[in-house]
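To start, the structure itself, in structure tokens.
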Amino acid sequence: RIGAFRPLGALCQQVARMTALNIRIARKSYPGNDGAPPRTVLRDLTLSIEEGAFVCVLGPSGCGKTTLLNLVAGLDLDFEGQIDSAGHHPDARRIGYVFQEPVLLPWRTVGETLRLVMNPAQVAAGTDLSLLDTMGLADYRDALPKSLSLGMSRRVALARAFVVEPHLLLMDEPFVSIDESTAASLRRLLLRTWRAKSTTVLFVTHDSREAVELAQRIIVLAGSPAQIVLDRKIDLSDAQRADPREIDALRRQILPKNKNSC
């Protein structure tokens with residue numbers, strides 16, 4: 001069956017406040033090239049995500065992580081299975097998507113980039129000004145993308161995703177290819193904003209340190225086609241998340257058997 005979104009049935013409405021997303025992917029394949037057989041990327045993947053949770057999907061490049069995000073976002077409906085949005089009709093739920101590259105319109109200022117996706121009530125309330133201040137972008141409201149560093153551009157992309165007040169925020173390795181100091185600053189900013197907004201986050205990364213530092217829960221993909229081989233809750237205090245020794249110790253506990261994932 002071609003994949004689709006549908007609201008959960010009456011039985012699941014009782015737990016709609018607790019579950020934001022139910023994912024069941026029996027198979028996701030891509031056509032083969034030059035007559036080759038189809039290539040199956042994901043198989044027998046079942047996952048439920050609680051409302052307001054921060055979940056990291058971990059695995060090396062090419063593992064099918066971006067494919068999973070695109071299925072959840074509804075950008076690709078060609079799969080066998082079902083993705084259920086609990087408590088929200090698919091047409092009504094708001095999704096924010098932060099890609100690997102910021103993808104900012106070069107002719108739009110930072111302020112215009114946010115207002116482009118805001119509703120009139122948000123514009124009247126000055127929601128963009130408040131969020132720009134939170135993101136450390138208040139002084140860049142009238143700046144064009146060409147004048148921004150990569151780190152600042154990623155802040156703008158993050159602000160654009162949060163300003164729509166998404167029920168679900170999808171993030172595809174958003175801090176890749178920037179220096180560690182800037183990435184660490186952005187990770188701290190992301191956690192502060194997520195806590196303030198209570199958004200459900202599905203964050204893809206190949207960096208196990210980043211996953212442990214950010215996530216309440218880590219999903220590890222492995223195999224070809226990829227399946228879930230580990231589903232682990234992460235219970236760390238803010239102090240522990242800021243301590244590289246704590247991060248490395250937990251990484252060694254979680255990942256030794258999965259170092260060759262995907």
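Of the candidates Phe203, Phe54, Phe99, which one comes out as most mobile in a Gaussian network treatment of the chain with C-alpha springs shorter than 10 Å?
With Cα springs under 10 Å in the chain, the top fluctuation among Phe203, Phe54, Phe99 is at Phe99.
Let's test the formula: R0 of 25 Å, r as the Cβ-Cβ distance of Ser198 and Arg27. What FRET efficiency results, to the nearest 0.05?
Approximately 0.15, to the nearest 0.05.
If you rank Glu50, Glu210, Glu112 by how much accessible surface each has, with a 1.4 Å probe, what is the order from largest down?
Heavy-atom accessible area, descending, gives Glu50, Glu112, Glu210.
What is the sum of charges, Lys and Arg at +1 and Asp and Glu at -1, for the other residues whose Cβ falls under 14 Å from the Cβ of Asp44? It would help to have the intermediate numbers written out before the result.
On the way: positive: Arg24, Arg27, Lys28, Arg43; negative: Glu80, Asp231.
Result for the neighbourhood of Asp44: +2.
Do you know the relative contact order of region 133-262, to the nearest whole percent, from alpha carbon pairs under 8 angstrom that are 6+ apart? Please list the in-between numbers first.
Values: 110 pairs, mean separation 24.3, N = 130.
Rounded, it is 19 percent for region 133-262.
Could you order Ser85, Ser149, Ser185, Ser224 by accessible surface area, starting with the largest, using a probe radius of 1.4 Å?
Ser224, Ser149, Ser185, Ser85
Rolling a 1.4 angstrom probe over the protein chains, ignoring ligands and nucleic acids, what is the accessible area of Arg43 in square angstrom, nearest 10?
Counting only protein heavy atoms, the figure is 80 Å².
Out of these labelled values of volume of the Cα convex hull per residue in Å³, (i) 152; (ii) 225; (iii) 120, which was calculated from the coordinates shown here?
(i)
Please build a GNM for the chain, connecting alpha carbons under 10 Å apart, and tell me which residue among Val212, Val176, Val156 fluctuates the most.
Per the Cα network of the chain with a 10 Å cutoff, Val176 tops the list.
Given the protein chains as shown and a 1.4 Å probe, how many square angstrom of Tyr30 are accessible, to the nearest 10?
For Tyr30, solvent-accessible area is about 70 Å².
Suppose we look only past 20 Å in the calculated P(r) of region 57-160. What percent of the Cα-Cα pairs does that tail hold?
Of the Cα pairs, 52 percent sit more than 20 Å apart.
If contacts are Cα pairs under 8 angstrom and at least 6 residues apart, what is the relative contact order of the chain in percent?
Once divided by the residue count of the chain, the mean separation gives 25 percent.
Taking the Cα atoms only, what angle lies between the long axis of helix 244-254 and the longest principal axis of the chain, rounded to 10 degrees?
The answer is roughly 20 degrees.
Once amide H atoms are built 1.01 Å from N in the peptide plane, which residues 5 or more positions from Ala226, or in another chain, come under 5 Å H to H?
Here Leu42, Arg43 satisfy the definition.
Suppose each label sits 7 Å from its Cα in the direction of the beta carbon; what would the Arg141-Trp107 distance come out to in nanometres?
Taking the simple label geometry, Arg141 and Trp107 are separated by 2.4 nm.
Hey, what do the phi angles of region 208-217 turn into as Karplus ³J(HN,Hα) couplings, whole Hz, using 6.51/-1.76/1.60 and θ = phi - 60°, x for Gly and Pro?
5, 5, 4, 4, 5, 5, 9, 7, 7, 8
Give the relative contact order (percent, whole number) for region 103-166; include only Cα pairs under 8 Å separated by 6+ residues.
For region 103-166, the relative contact order is 49 percent.
Hey, can you grab everything whose amide H is under 5 Å from the amide H of Val98? Only 5+ residues off in sequence or another chain; H modelled, so Pro and N-termini drop out.
Result for Val98 returns Leu170, Met171, Asp172.
Would you tally the net charge around Pro31, using a Cβ to Cβ cut-off of less than 11 Å, leaving Pro31 out, and scoring K and R as +1, D and E as -1? Working shown, then result.
Working: positive: Arg39; negative: Asp34, Asp78.
Spelling it out: positives minus negatives among the neighbours equals -1.
R0 = 30 Å: FRET efficiency of Asp44 with Arg252, Cβ-based, nearest 0.05? Before the final figure, lay out each step's value.
On the way: r = 28 Å, r/R0 = 0.94.
With R0 = 30 Å, the Cβ-Cβ based efficiency is 0.60.
Would you pull out the residues with amide H under 5 Å of Glu51's amide H, same chain only if 5 or more places away, H placed 1.01 Å from N?
Sorted by chain and number, the residues that satisfy this are Thr19, Ala20.
Would you rank Leu77, Leu45 by solvent-accessible area, highest first, keeping every protein chain in place and using a 1.4 Å probe?
Largest accessible area first, the list is Leu77, Leu45.
Measure nothing fancy, just the Cα-based angle from helix 150-163's long axis to the longest principal axis of the chain, in degrees from 0 to 90, nearest 10.
80 degrees
Identify which of Leu150, Leu169, Leu42 has the largest mean-square fluctuation in a Gaussian network model of the chain, with springs joining Cα atoms closer than 10 Å.
In the Gaussian network model the winner is Leu150.
By the scheme Lys and Arg +1, Asp and Glu -1, what is the net charge of all other residues having a beta-carbon under 14 Å from that of Thr134?
+3
Specify whether the C-alpha gyration tensor of region 115-262 places it in the rounded, prolate or oblate class, a ≥ b ≥ c being the square roots of the eigenvalues: rounded for a/c under 1.5, otherwise prolate if a/b is larger than b/c and oblate if not.
Here region 115-262 falls in the prolate category.
The values are calculated or read from the model by the stated rules, or taken from the named source; none is laboratory data. Everything numeric in this text was worked out from a predicted model, so none of it was measured. Every residue, glycine among them, receives a Cβ derived from its backbone with ideal geometry; neighbour counts consider all protein chains shown. Just the protein is used for accessible areas: all its heavy atoms, side chains included, with ligands, DNA and RNA removed. Shrake-Rupley method; radii C 1.70, N 1.55, O 1.52, S 1.80 Å.
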